[in-house]
Amino acid sequence: MNEEYNPYAAPKSSVLTAPVSNEGLPLASRWHRLVASFLDSLILGAIFMPLQFLTGTYQREAARQAAGGSIFAFRPENMLWAAFGVIILVGINWNFLLNGQTIGKKALKLRIDNVEGGPCDRGRIITRRIVVVQVLFLIPVLNFIFMIVDCLMIFRSNKRTLHDEIAGTKVVDLRSQLG
């Protein structure tokens, strides 16, 4: 053999790289995002409304309102429901979140991506998109302000909401990729 062995030379085997690139994927339309969010909310509502009714949550809230209680008051019960909501939301979407989707986003062929590119990982979606929003929704008055600002930010040219900005994410439309 005339060829000398060099232990420091680059490997000569071919290395496969992931063909997935989201460069050029269009941002999801506002309407598609709205419908996906609505689908996710319907699923959660179908689970939560019966549970809250069966546990007497609606009856206790009606009694508080009848006694002159404020809807802006902070109650520990709300914290428990919010925590339970996160667990249920993550639980029913666990496999979908692996691909940066929820059930609603999967149905509409949308995906949550990092701003830098590529699908967003499950941990980032849970900690920065879901948990942060739930915590902000627990704070009286601030929850309404957050909700309005979050919704209105989608009308910017980059179509990113406040929770997208917090998480460093964007929602892309996969239909062009699927052909």
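A short reminder: the numbers here are calculations on the coordinates, not readings from a lab. Fair warning: this is a prediction, and the values are worked out from it, not measured in the lab. Note: ideal-geometry Cβ built from the backbone for every residue, glycine included; neighbour counts use all protein chains shown.
How much of the pair distance distribution for region 41-91 lies past 15 Å, counting alpha-carbon pairs only, in percent?
So the pairs more than 15 Å apart make up 52 percent of the total in region 41-91.
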Item to check | Taking N as its residue count, the alpha carbon Rg of region 21-65 over 2.2 N^0.38 Å | outcome: 1.90
Checklist entry - Between Gly168, Gly68, Gly100, which gets the highest mean-square fluctuation from a Gaussian network model of the chain, Cα cutoff 10 Å? => result Gly68
Item to check | Folded to 0 to 90 degrees: helix 76-97 orientation relative to the chain principal axis, Cα | outcome: 30 degrees
Next on the checklist: I'd like the distance between the alpha-carbon centres of region 117-164 and region 68-82, rounded to an integer number of Å.
Outcome noted: 21 Å
Checklist outcome for this item: For the chain, the charge dipole (Cβ of Lys, Arg +1; Cβ of Asp, Glu -1; about the Cα centre) points to a positive end, and the Cα of Leu44, Val171, Pro26 closest to that extreme belongs to Leu44
Checklist entry - How large is Rg/Rh for region 30-178, to two decimals, with Cα atoms and a Kirkwood Rh? => result 1.00
Item to check | Cα long-axis angle, helix 30-54 against the chain (0 to 90 degrees, to the nearest 10) | outcome: 50 degrees
Checklist outcome for this item: With Cα coordinates, the longest principal axis of the chain makes an angle with the long axis of helix 142-152, in degrees rounded to 10, of 50 degrees
Checklist entry - Under 17 Å Cα-Cα from Lys159, which aspartates and glutamates qualify once same-chain neighbours fewer than 8 residues away are excluded? => result Glu23, Asp113, Glu116, Asp150, Asp173
Item to check | Under the Karplus curve 6.51 cos²θ - 1.76 cosθ + 1.60, θ = phi - 60°, whole-Hz ³J(HN,Hα) for region 98-113, x wherever Gly or Pro sits | outcome: 4, 9, x, 9, 10, 4, x, 5, 5, 4, 9, 6, 10, 8, 8, 10
